[in-house]
Amino acid sequence: MLNAAIWPALDYSRVPYRLYHDAEIYEAEQERIFRGPVWSCLGLDAEIPNPGDFRATWVGDTPVVVNRDAAGVVRAFVNRCAHRGALVRRELAGNAKQHICLYHQWCYGLDGSLQAIPFRRGIRGKGGLDPGFELQEHGLRRLRVEAVAGVLFGTMAEDAEPLQDYLGAPVVAQLRRLFDRPVEVLGYNRQRVRGNWKLYAENTRDNYHASLLHEFLVTFGLDRSTQTGGVRMDARHRHNITWAEAGSDDEELVRQAYGGAGVRNDYLSLREPALVAFHPEHGDRLNIAITSVFPSSVFVQISNSLAVRQIRPRGVDEFEVFQTMFGYQDDPPEMKLHRLRQANLVGPAGLVSMEDGEAIELAHRASKPDRDRMTVIELGGAGIISDRDYRVTDVPLRGFWSYYAELLGIEPEGAVR
Amino acid sequence: MTLDRAAVQDLLAEYGARLDAEQYDEWLDLFAAECRYQVVPRDNHQRGLPAALIFCDSRAMLEDRIRALREANKFNIHSDRHLISLPRVTPTLSSPAGGGGSGGGIVEAPFAVYQTDQEGETRLFATGLYRDRLEPEGGVLKIRDKLVLLDTFAVPTLLATPL
């Protein structure tokens with residue numbers, strides 16, 4: 001039942017559990033979203049600085065290689081041999097002059113073109129390929145690649161709108177802010193969660209859960225819903241920036257707000273306060289900026305901890321979060337150490353992020369048997385989808401679903417956007 | 001003087017047993033007054049990338065971790081079982097960072113951690129290698145620096161209780 005009638009409400013304040021569990025819907029998402037007119041983050045310029053540098057990544061569940069060619073141009077293609085469909089590049093990262101398939105050694109250039117085939121003319125005039133077989137018709141499937149501030153994006157759709165139009169002004173500004181000078185990759189972490197990928201896409205847009213689920217934020221005074229903050233979306237409401245400013249609330253407001261809800265408000269102090277220290281570094285007071293780009297890219301600033309996250313679906317019941325931690329090349333040694341310490345906050349063992357893995361598995365497990373029942377998305381009110389200058393809201397989730405419905409071709413008539 | 005192999009094995013056995021019994025204060029007692037504890041994906045380590053999953057470069061940070069585990073963090077309800085394999089002992093003749101100067105050394109031990117959930121289902125959670133610098137403190141062998149090199153780059157669900 002994949003049509004507009006699936007939506008119980010025209011403002012996406014109700015989402016049937018079916019959308020997180022049906023294999024048929026997962027397949028449609030891969031085709032119409034991930035292989036459709038969206039832009040997915042492929043990595044950073046800084047990860048492939050030299051000609052021949054490559055990284056293997058994923059767009060949805062499609063394997064992709066991104067590399068820098070001999071002329072210095074970044075190119076990306078589907079990591080699947082045109083011959084037998086085998087994965088061509090097996091390593092996660094490296095430097096190479098060409099990509100050679102293990103199976104029959106079909107050889108591709110850094111632009112993805114098929115350059116050579118062993119025994120193309122057979123041996124002693126026998127065997128091999130027909131003379132009419134054209135190499136140029138059998139290259140690796142290319143992605144379009146564009147970048148903002150050294151952040152590489154790719155799309156499989158010929159007709160996708162230009163990257164900057166897709167991202168919209170607020171996201172472009174946020175990327176330029178976060179990547180305002182040359183970056184240095186500090187390392188990677190990976191996490192497998194037994195849940196549907198959209199639960200994580202929603203989670204990163206859900207301002208409401210942050211200081212409730214991630215009690216560390218409040219317990220140790222790092223971030224509270226009482227701080228000045230909110231959510232900011234692009235014009236189509238498909239992306240979102242969750243933001244907050246440091247030092248913008250006071251103790252009394254915090255006690256009132258959290259006390260009534262039965263949430264603990266007796267702050268504890270850390271023996272090593274540097275863990276939560278915030279050093280402003282972008283000419284503003286933002287200490288939380290979580291930028292979620294539809295469908296599966298997230299750019300994270302929590303204090304001085306900086307990261308890029310890719311959500312990699314692995315079937316309807318599992319996804320991976322692949323996270324790249326970074327700092328800046330001009331970081332003095334003490335700032336680099338500070339970032340390594342604050343990396344404790346994020347990732348699979350993150351003091352303010354580990355709970356997401358558990359919460360998503362709980363939601364996925366319990367919603368599975370009853371697919372016609374539905375989730376409630378009404379914090380910050382139902383109805384219109386718009387930016388909010390407060391934090392107790394999950395409105396951007398409805399923006400996500402609105403664009404999701406459009407791409408899947410199941411947007412109901414009269415639905416909000 | 002070289003590391004006493006029996007003392008090393010006792011320390012590793014206590015290490016796993018105290019974690020599996022959720023005796024985290026007693027687990028902290030196995031560390032020196034000045035210590036470091038890191039969980040680093042082996043893949044990062046091999047590529048020379050410093051980012052860790054857990055990075056405690058002081059005893060204070062390690063104690064904060066345990067406090068957060070108790071007071072703030074929420075995680076999957078489970079029990080751990082550490083299987084720690086035979087240690088490979090590399091004595092160091094002089095210890096540059098103090099701590100007695102003799103009787104210390106580097107110890108490597110492979111480990112596996114299984115997690116069991118409330119339904120009684122057990123899964124392999126992680127494998128890796130401990131690389132420990134051990135030093136005597138007050139006549140007792142303590143962990144001065146522990147590097148947990150994690151093979152299991154793709155952490156299942158989340159990492160809360162220490163490896």
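The values are calculated or read from the model by the stated rules, or taken from the named source; none is laboratory data. This one's a predicted model, so the numbers in the text were calculated from it and none came from an experiment. FYI the Cβ positions are ideal-geometry reconstructions off the backbone, even for glycines, and counts take in every protein chain you see.
Out of A:GLY347, A:GLY247, one residue alone is part of a loop (DSSP other than H, G, I, E, B) and within 25 Å of the chain's Cα centre (by Cα). It is A:GLY347.
Among the residues making up segment B:1-28, those that are over 12 Å from the mean Cα position of the chain (by Cα) and charged (D, E, K, R) are B:ASP4, B:ARG5, B:ASP10, B:ASP20, B:GLU22, B:ASP25, B:GLU26. Pairs linking a residue in segment B:62-87 that is in contact (Cβ under 8 Å) with a residue 40 or more places away in the chain and more than 14 Å from A:LEU217 (Cα to Cα) to a residue that is assigned to a loop (DSSP other than H, G, I, E, B) and among the polar types (S, T, N, Q), with Cβ atoms under 6 Å and 6 or more positions apart or on different chains, are B:ASN76/B:THR157; B:ILE77/B:GLN118; B:ASP80/B:THR161. Restricting attention to segment B:36-63, the residues being in contact with an Asp or Glu (Cβ under 6 Å, 6 or more places away or on another chain) and among the hydrophobic types (A, V, I, L, M, F, W, C) number 2. Within the option set A:PRO37, A:PRO8, being closer than 17 Å to A:VAL145 by Cα, in a loop (DSSP other than H, G, I, E, B) and in contact (Cβ under 8 Å) with a residue 60 or more places away in the chain holds for one residue only, A:PRO37. Summed over segment A:203-231, residues that are under 19 Å from the mean Cα position of the chain (by Cα) and farther than 14 Å from A:PHE400 by Cβ total 2. Scanning segment A:189-216 for residues that are at the interface with another protein chain (Cβ under 10 Å from one of its Cβ atoms), surrounded by fewer than 23 Cβ atoms within 10 Å (Cβ to Cβ) and not in a loop (DSSP other than H, G, I, E, B) returns A:ARG190, A:ARG192, A:LEU213, A:GLU215. Residue pairs whose Cβ atoms lie under 9 Å apart, separated by 6 or more positions or on different chains, with the first residue in segment A:88-105 and within 14 Å of chain B (Cβ to nearest Cβ) and in contact (Cβ under 8 Å) with a residue 40 or more places away in the chain and the second outside any loop (DSSP other than H, G, I, E, B) and acidic (Asp, Glu), are A:ALA93/A:GLU47; A:ALA93/A:ASP53; A:GLY94/A:ASP53; A:ASN95/A:ASP53. Taken over segment A:327-341, the criterion of being touching a residue at least 40 places away in the same chain (Cβ under 8 Å) and more than 9 Å from chain B (Cβ to nearest Cβ) is satisfied by A:GLY327, A:TYR328, A:GLN329, A:ASP330, A:ASP331, A:MET335, A:HIS338.
Looking only at residues of segment B:114-138 that are within 22 Å of B:GLN23 (Cβ to Cβ) and more than 14 Å from every other protein chain (Cβ to nearest Cβ), we find that the one that is surrounded by the most Cβ atoms within 10 Å (Cβ to Cβ) is B:LEU134.
Regarding segment A:165-182, can at least one residue be identified that is within 14 Å of another protein chain (Cβ to nearest Cβ) and either within 20 Å of A:SER305 (Cβ to Cβ) or in contact (Cβ under 8 Å) with a residue 12 or more places away in the chain (or both)? Taking every residue of segment A:165-182 in turn, none turns out to be within 14 Å of another protein chain (Cβ to nearest Cβ) and either within 20 Å of A:SER305 (Cβ to Cβ) or in contact (Cβ under 8 Å) with a residue 12 or more places away in the chain (or both). All conditions but one from (1) in contact with a Leu (Cβ under 8 Å, 6 or more places away or on another chain); (2) more than 16 Å from B:THR157 (Cα to Cα); (3) modelled with pLDDT of 95 or more; (4) away from chain A (no Cβ under 14 Å) apply to B:VAL89; the one that does not is (3).
Residue pairs whose Cβ atoms lie under 6 Å apart, sitting 6 or more positions apart in sequence or on different chains, and linking a residue in segment B:144-163 that is within 12 Å of chain A (Cβ to nearest Cβ) to a partner that is among the hydroxyl-bearing types (Ser, Thr, Tyr) and outside any strand (DSSP E or B), do not occur here. Filtered by the rule that a residue be among the small types (Gly, Ala, Ser) and farther than 30 Å from A:ARG55 by Cβ, segment A:185-237 gives A:ALA210, A:SER211, A:GLY221, A:SER225, A:GLY229, A:GLY230, A:ALA235.
Evaluating A:LEU143 against the criteria (1) surrounded by 16 or more Cβ atoms within 10 Å (Cβ to Cβ); (2) aliphatic (A, V, I, L, M); (3) assigned to a loop (DSSP other than H, G, I, E, B) leaves one unmet condition, (3).
Of all the listed residues (B:ASP20, B:ASP25), the sole one being exposed (fewer than 15 other Cβ atoms within 10 Å of the Cβ) and not basic (Lys, Arg) is B:ASP25.
Scanning segment A:114-143 for residues that are of a type in the set (Lys, Arg) and either outside the structural domain of A:CYS101 (by TED's automatic domain parsing) or touching a residue at least 40 places away in the same chain (Cβ under 8 Å) (or both) returns A:ARG141, A:ARG142. When A:SER402, A:SER386 are checked against the criterion of being over 19 Å from A:LEU222 (Cβ atoms), surrounded by fewer than 18 Cβ atoms within 10 Å (Cβ to Cβ), modelled with pLDDT of 95 or more and small (Gly, Ala, Ser), a single residue qualifies: A:SER386.
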